[in-house]
Amino acid sequence: MAKKENNNELMEKIVSLCKRRGFIFPGSEIYGGMANSWDYGPLGVELKNNVKQAWWKKFVHSRTDMVGIDAALIMNPKVWEASGHLKNFTDPLVECKKCHERFRADKISGDKCPACGGELTTAKQFNLMFKTFIGPAEESANIAYFRPETAQAMFVDFKQVAETSRKRVPFGIAQIGKAFRNEITPGNFIFRTREFEQMEIEYFIREKDWKKTFEYWHEEMYEWMGELGLAKKHLHDLEVPEKERAHYSKRTIDIEYDFPFGTDELYGLAYRTDFDLANHAKASGQSLEYLDPETQEKFIPHVIEPTFGVDRSVLAVLCESYAEEEAPTAEKGETEKRVVLKFSKWLAPIKVAILPLSKKEELAKVARPIYEDLVKNFACEYDETQSIGKRYRRQDEIGTPYCVTVDFETLEDKAVTVRDRDTMKQERIAVSDLINYLKKKLEE
Ligand SMILES: [Zn+2]
């Protein structure tokens, strides 16, 4: 049976597997890396894209009440004034008078520096937005910010989108993109990073409908997490108390996941009222009212916002799928430990591995054309190095659902052996049936 320990050792194993197999590794590593920057490698980018594409298909393409946008990362700084981020998007910060290290005042206990025991300054508010300058002159008039959330573009573009898409309230705008936060204490691998990706929906409604719409999106989010393969017992709702809620929100639920390092926020669901649209209307002098074409009723829509972290989705999926098991070896009656990522099949970066039993040219002659055929249908890998046992272990570790072995019998019977990742059962399949067989299996 799969075993799951709830500790740092498991986290280290996952981080190490990610680096070893090319899912995720430290960024800029040849220069000694850069604190808290991570790069997605060839397998990581496939995994992440599978998450994003499935999300888009579910929440945009499969619905009649949703459209997408892809907005600029750097917006007019007035956006952040109106949204309240310039004033309110801050963390309280203390500095050690001795070693000058900085800490979040609400994350340390006591009044001494956790690093050296020195005396601390009183807390000052530190804005989390990344500042930059537009154009060559570094003057305050040219200050701009990298967006700290993708949401604001959906508010600022609301009128354009409503008019051009001809959607009627209730409807939603979805976006996938990067956001930036100058976190003081990032950490836990890709859990908290200064640069991260969000999948976000702003769902525009009439004020009277907010409670039922909030409940509706709560259920939709759980359905999605089920599709990701996250076990319900690892998911928890945290009703965020008023004093801890973001400045714009009247109700927020954080959906938390049991990560190996502890239970922490995975997704968020917030009722943002008409705060953003009303403030942007006031600050820009443009009307952001919606006119119902049937009732002629005019109003500023209220907003329910489901937010899904992309990187946290990837991390949760990795943690959920990681398993260690005893598997039989080639020697009869003997077992060895295998590590396997038991992804839902649709999430797996590689769907099928083609493994000729040996490097011999006569096998390659048959195996290569099979690979070239399969790769037109599935994400595939061709591997002929090392023993077949080691190659199975490698495919298990990257979560490949099916391995196709081409052996000397293939030359005679025009059939191959297909091995199932989870059951490790092997089946002999005619080469001519292989694509249909795999298509059917991968859809199960
Ligand atoms: Zn110190």
*Kirkwood Rh over Cα pairs of the range 148-211 into Stokes-Einstein at 25 °C, 0.890 mPa s: D in µm²/s?*
180
*Using modelled backbone amide H atoms (1.01 Å from N, in-plane), which distant-in-sequence or interchain residues come within less than 5 Å of residue 149's amide H?*
180
*Once you sort the root eigenvalues of the Cα gyration tensor of the range 350-443 as a ≥ b ≥ c, which label holds: rounded (a/c under 1.5), prolate (a/b larger than b/c) or oblate (the other case)?*
rounded
*the range 228-296 to the range 392-431: how many Å between their Cα centroids?*
46
*Computed on alpha carbon atoms, what radius of gyration and Dmax characterise the range 226-305, expressed in Å?*
17.6, 53
*asked:* Going by amide H atoms built from the backbone, whose H comes under 5 Å of the H on residue 354, apart from near neighbours?
replied: 381, 382, 383, 404
*Positive dipole terminus of the chain, leading residue within 442, 184, 51 (C-beta point charges)*: 184
*Just the number, please: percent antiparallel of the DSSP beta bridges in the chain, rounded to the nearest 5.*
85
*Tell me, what are the semi-axes, in whole angstrom and largest first, of the equivalent ellipsoid of the chain as set by the roots of 5 times the Cα gyration tensor eigenvalues?*
46, 29, 20
*Which pairs, out of 159/208; 159/211; 212/345; 178/441; 159/233, put more than 29 Å between their alpha-carbon atoms?*
212/345; 178/441; 159/233
*Taking other Cβ within 10 Å of each residue's Cβ, how do 250, 332, 211 sort, fewest first?*
332, 211, 250
*asked:* With +1 on the Cβ of every Lys and Arg and -1 on the Cβ of every Asp and Glu, and nothing else charged, how large is the dipole of the range 272-326 about its Cα centre, in debye rounded to the nearest 20?
replied: 540
*Please get the size of the charge dipole for the chain, origin at its Cα centre, with Cβ charges of +1 on Lys and Arg and -1 on Asp and Glu, quoted in debye to the nearest 20.*
300
*Estimated dipole of the range 333-425 in Debye, rounded to 20 [Cβ of Lys and Arg +1, of Asp and Glu -1, Cα centre]*: 380
*Report, largest value first, the span of the C-alpha coordinates of the range 43-181 along each principal axis, in whole Å.*
60, 40, 31
*Each residue of the range 195-202 in order: what ³J(HN,Hα) in whole Hz does its phi give by Karplus 6.51 cos²θ - 1.76 cosθ + 1.60, θ = phi - 60°, with x for Gly and Pro?*
10, 8, 10, 10, 10, 10, 10, 10
*Rounded, prolate or oblate: which one fits the range 204-363, using the alpha carbon gyration tensor with axes a ≥ b ≥ c (rounded when a/c is under 1.5, else prolate when a/b beats b/c, else oblate)?*
prolate
_Debye calculation, C-alpha points only, no solvent: report log10 I(q)/I(0) for the range 288-425 at q = 0.17, 0.19 Å⁻¹, in the same order as the q values._
-0.97, -1.13
*Taking H placed 1.01 Å from N in the peptide plane, check which residues at least 5 places from residue 336 or on another chain put their amide H under 5 Å from its amide H.*
327, 329
*Mind running the shape call on the range 117-262? Use the C-alpha gyration tensor, a ≥ b ≥ c as the square roots of the eigenvalues: rounded below 1.5 for a/c, prolate if a/b tops b/c, oblate otherwise.*
oblate
*asked:* Projecting each Cα onto the charge dipole of the range 350-443 (Lys/Arg +1, Asp/Glu -1 at the beta carbon, about the Cα centre), which of 382, 430, 356 comes out farthest on the positive side?
replied: 382
*Just 180, 103, 214 to compare: in a GNM of the chain, with alpha carbon springs under 10 Å, which one fluctuates most?*
103
*Could you pull out every one of the aspartates and glutamates with an alpha carbon less than 17 Å from that of residue 57, ignoring same-chain neighbours closer than 8 positions?*
46, 65, 70, 200, 202, 220, 223, 227, 443
*Which ³J(HN,Hα) values, rounded to whole Hz and listed in residue order, are derived for the range 67-81 from phi using the Karplus coefficients 6.51, -1.76 and 1.60 in 6.51 cos²θ - 1.76 cosθ + 1.60 with θ = phi - 60°, glycine and proline given as x?*
9, x, 9, 9, 9, 5, 6, 9, 10, 3, x, 4, 4, 7, 6
*³J(HN,Hα), Karplus 6.51/-1.76/1.60, whole Hz, each residue of the range 339-348, x for Gly, Pro*: 9, 9, 8, 8, 4, 4, 4, 5, 7, 4
*Percent of alpha carbon pairs in the range 94-166 separated by more than 16 Å?*
68
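Every number here is computed from the coordinates shown, using simple stated rules; none is lab data. Values in this document were obtained by computation on a predicted structure and should not be read as measured data. Note: ideal-geometry Cβ built from the backbone for every residue, glycine included; neighbour counts use all protein chains shown.
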